[in-house]
Amino acid sequence: LGLAWTPVGGEILFIEATRMPGTGRLILTGSLGDVMKESAQTALSYLRSQARHLNLEISDLEKTDLHIHVPAGATPKDGPSAGSTITVALASLLARRLVRSDLAMTGEISLRGRVLRVGGIKENVLAAARSGVRQLILPEQNRSDWPEVPAEVRGKMKVHFVKDITGLLAVALTHRKCD
(Lines give C-alpha, C1' and ligand atoms only; values in the text may rest on other atoms or scores of the structure.)
Protein backbone atom coordinates (compact mmCIF):
# COMPACT_ATOMS: atom_id res chain seq x y z
CA LEU A 1 0.00 0.00 0.00
CA GLY A 2 1.33 3.36 -0.99
CA LEU A 3 0.26 6.77 0.27
CA ALA A 4 -0.18 9.73 -2.03
CA TRP A 5 -1.10 13.38 -1.66
CA THR A 6 -3.92 14.73 -3.80
CA PRO A 7 -5.52 18.20 -3.99
CA VAL A 8 -8.40 16.87 -1.88
CA GLY A 9 -6.25 15.07 0.75
CA GLY A 10 -4.31 11.84 0.99
CA GLU A 11 -5.22 8.56 -0.60
CA ILE A 12 -4.17 4.92 -0.59
CA LEU A 13 -2.54 3.53 -3.74
CA PHE A 14 -2.47 -0.18 -4.41
CA ILE A 15 0.66 -1.13 -6.31
CA GLU A 16 0.81 -4.57 -7.87
CA ALA A 17 3.79 -6.32 -9.42
CA THR A 18 4.32 -9.59 -11.21
CA ARG A 19 6.97 -11.29 -13.27
CA MET A 20 6.58 -13.55 -16.25
CA PRO A 21 8.63 -15.07 -19.03
CA GLY A 22 9.75 -12.34 -21.41
CA THR A 23 12.69 -10.37 -22.73
CA GLY A 24 13.79 -8.17 -19.82
CA ARG A 25 11.18 -5.41 -20.14
CA LEU A 26 9.77 -3.25 -17.37
CA ILE A 27 6.06 -2.79 -18.08
CA LEU A 28 4.23 0.06 -16.32
CA THR A 29 0.45 0.44 -16.42
CA GLY A 30 -2.24 2.36 -14.58
CA SER A 31 -2.15 5.83 -16.16
CA LEU A 32 1.22 6.69 -14.61
CA GLY A 33 2.91 10.01 -15.22
CA ASP A 34 6.56 10.50 -16.12
CA VAL A 35 7.74 10.95 -12.52
CA MET A 36 6.19 7.65 -11.40
CA LYS A 37 7.70 5.92 -14.43
CA GLU A 38 11.10 7.34 -13.48
CA SER A 39 10.62 6.10 -9.91
CA ALA A 40 9.99 2.59 -11.21
CA GLN A 41 13.10 2.64 -13.39
CA THR A 42 15.17 4.06 -10.51
CA ALA A 43 13.89 1.36 -8.18
CA LEU A 44 14.77 -1.42 -10.62
CA SER A 45 18.22 0.03 -11.34
CA TYR A 46 19.01 0.35 -7.64
CA LEU A 47 17.80 -3.17 -6.86
CA ARG A 48 19.80 -4.63 -9.72
CA SER A 49 22.93 -2.78 -8.60
CA GLN A 50 22.52 -4.04 -5.03
CA ALA A 51 21.14 -7.50 -5.78
CA ARG A 52 23.94 -9.41 -4.06
CA HIS A 53 23.81 -7.25 -0.93
CA LEU A 54 20.00 -7.47 -0.77
CA ASN A 55 19.88 -11.20 -1.61
CA LEU A 56 17.80 -10.69 -4.75
CA GLU A 57 17.57 -13.18 -7.61
CA ILE A 58 18.31 -11.37 -10.86
CA SER A 59 20.16 -14.00 -12.88
CA ASP A 60 17.18 -14.55 -15.21
CA LEU A 61 16.10 -10.92 -15.72
CA GLU A 62 16.90 -11.01 -19.43
CA LYS A 63 14.33 -13.81 -19.74
CA THR A 64 11.77 -12.14 -17.48
CA ASP A 65 9.41 -9.19 -17.86
CA LEU A 66 8.45 -7.28 -14.73
CA HIS A 67 5.03 -5.62 -14.70
CA ILE A 68 4.01 -2.90 -12.24
CA HIS A 69 0.37 -1.88 -12.20
CA VAL A 70 -1.44 0.79 -10.18
CA PRO A 71 -5.19 0.04 -10.36
CA ALA A 72 -7.78 2.72 -11.12
CA GLY A 73 -6.15 3.18 -14.50
CA ALA A 74 -8.61 5.86 -15.56
CA THR A 75 -7.23 8.14 -12.85
CA PRO A 76 -3.92 9.81 -13.77
CA LYS A 77 -1.21 9.30 -11.15
CA ASP A 78 2.13 11.05 -10.80
CA GLY A 79 4.70 12.18 -8.29
CA PRO A 80 7.75 10.76 -6.56
CA SER A 81 6.11 9.54 -3.34
CA ALA A 82 5.34 6.07 -4.72
CA GLY A 83 9.05 5.33 -5.13
CA SER A 84 9.26 3.45 -1.83
CA THR A 85 6.19 1.36 -2.57
CA ILE A 86 7.34 0.51 -6.09
CA THR A 87 10.76 -0.48 -4.71
CA VAL A 88 9.16 -2.79 -2.14
CA ALA A 89 6.92 -4.39 -4.78
CA LEU A 90 9.90 -5.10 -7.05
CA ALA A 91 12.10 -6.30 -4.19
CA SER A 92 9.33 -8.68 -3.12
CA LEU A 93 9.35 -10.22 -6.60
CA LEU A 94 13.12 -10.45 -6.83
CA ALA A 95 13.59 -11.81 -3.28
CA ARG A 96 10.48 -13.98 -3.51
CA ARG A 97 9.43 -12.67 -0.09
CA LEU A 98 5.99 -11.47 0.96
CA VAL A 99 5.29 -7.83 1.81
CA ARG A 100 3.75 -7.15 5.21
CA SER A 101 0.03 -6.61 4.69
CA ASP A 102 -0.47 -4.36 7.71
CA LEU A 103 1.40 -1.27 6.59
CA ALA A 104 1.43 1.58 4.11
CA MET A 105 4.36 3.71 2.99
CA THR A 106 5.49 6.80 1.17
CA GLY A 107 8.84 8.22 0.15
CA GLU A 108 10.84 9.24 -2.87
CA ILE A 109 13.90 7.11 -3.61
CA SER A 110 17.29 7.96 -5.02
CA LEU A 111 19.59 5.95 -7.25
CA ARG A 112 22.03 5.79 -4.32
CA GLY A 113 19.43 4.06 -2.17
CA ARG A 114 18.20 6.94 -0.04
CA VAL A 115 14.56 7.39 0.96
CA LEU A 116 13.80 11.08 0.54
CA ARG A 117 11.35 13.55 2.03
CA VAL A 118 7.89 13.97 0.48
CA GLY A 119 5.07 16.42 1.04
CA GLY A 120 1.61 15.81 2.42
CA ILE A 121 2.52 13.63 5.41
CA LYS A 122 -0.48 14.71 7.49
CA GLU A 123 -2.89 14.01 4.62
CA ASN A 124 -1.22 10.67 3.86
CA VAL A 125 -1.38 9.50 7.48
CA LEU A 126 -5.04 10.51 7.74
CA ALA A 127 -5.79 8.51 4.57
CA ALA A 128 -4.03 5.48 6.07
CA ALA A 129 -6.00 5.84 9.31
CA ARG A 130 -9.31 6.09 7.40
CA SER A 131 -8.39 2.85 5.62
CA GLY A 132 -7.61 1.00 8.85
CA VAL A 133 -3.84 0.93 8.38
CA ARG A 134 -1.99 1.03 11.71
CA GLN A 135 1.66 0.85 10.63
CA LEU A 136 3.52 3.26 8.40
CA ILE A 137 6.91 3.63 6.79
CA LEU A 138 7.91 7.26 6.34
CA PRO A 139 11.17 8.94 5.30
CA GLU A 140 13.42 9.90 8.20
CA GLN A 141 13.54 13.38 6.66
CA ASN A 142 9.80 13.68 7.37
CA ARG A 143 10.15 13.03 11.12
CA SER A 144 9.64 16.76 11.75
CA ASP A 145 6.22 16.53 10.02
CA TRP A 146 4.93 13.83 12.38
CA PRO A 147 3.70 16.29 15.07
CA GLU A 148 1.36 17.87 12.46
CA VAL A 149 -0.69 14.65 12.52
CA PRO A 150 -3.49 14.88 15.12
CA ALA A 151 -2.47 13.30 18.43
CA GLU A 152 -5.40 10.84 18.44
CA VAL A 153 -4.25 9.46 15.06
CA ARG A 154 -0.55 9.36 16.05
CA GLY A 155 -1.53 7.37 19.13
CA LYS A 156 -3.08 4.64 16.98
CA MET A 157 -0.16 4.34 14.57
CA LYS A 158 3.20 2.65 14.71
CA VAL A 159 5.58 4.55 12.45
CA HIS A 160 8.94 3.38 11.11
CA PHE A 161 11.16 6.23 9.91
CA VAL A 162 13.74 4.99 7.37
CA LYS A 163 16.77 6.64 5.80
CA ASP A 164 17.50 4.19 3.03
CA ILE A 165 16.16 1.34 0.93
CA THR A 166 17.92 -1.28 3.07
CA GLY A 167 15.96 -0.04 6.10
CA LEU A 168 12.77 0.18 4.03
CA LEU A 169 13.04 -3.46 2.95
CA ALA A 170 13.93 -4.63 6.46
CA VAL A 171 10.59 -3.29 7.70
CA ALA A 172 8.40 -4.05 4.66
CA LEU A 173 9.40 -7.57 3.66
CA THR A 174 8.54 -10.60 5.74
CA HIS A 175 10.73 -13.69 6.00
CA ARG A 176 7.95 -15.74 4.42
CA LYS A 177 8.71 -16.90 0.90
CA CYS A 178 6.26 -16.59 -1.96
CA ASP A 179 6.16 -18.10 -5.43
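The values are calculated or read from the model by the stated rules, or taken from the named source; none is laboratory data. Because the structure is a prediction, the values reported are computed rather than measured. Don't worry about glycine lacking a Cβ; one is built from the backbone with ideal geometry, like all the others, and counts go over all protein chains shown. With ligands, DNA and RNA removed, areas are computed over all heavy atoms of the protein, side chains included. Shrake-Rupley method; radii C 1.70, N 1.55, O 1.52, S 1.80 Å.
Structure values in brief
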| item | result |
| --- | --- |
| FRET efficiency, S131 to H53 (Cβ-Cβ, R0 41 Å, nearest 0.05) | 0.80 |
| Debye equation applied to the C-alpha atoms of region 65-104, log10 I(q)/I(0) at 0.19, 0.20, 0.31, 0.34 Å⁻¹ | -0.68, -0.74, -1.19, -1.21 |
| Cross-link pairs beyond the 19 Å C-alpha cut-off, checked among K156/K177; K77/K163; K122/K158 | K156/K177; K77/K163 |
| Accessible surface of region 1-145, 1.4 Å probe, proportion on carbon and sulfur as whole % | 50 |
| Per residue, the convex hull volume that the Cα atoms of region 99-140 enclose (Å³) | 72 |
| Three principal axis lengths of region 1-83 [C-alpha, angstrom, descending] | 43, 25, 20 |
| Percent of beta bridges antiparallel (DSSP, region 96-179, rounded to nearest 5) | 40 |
| Counting DSSP beta bridges with both ends in region 1-116, the antiparallel % (nearest 5) | 70 |
| Average accessible surface area per residue within region 1-88, 1.4 Å rolling probe, Å² | 51 |
| C-alpha long axis of helix 34-49 to longest principal axis of the chain, angle in ° | 60 |
| Degrees separating the helix 121-130 axis from the principal Cα axis of the chain, which is the longest one | 90 |
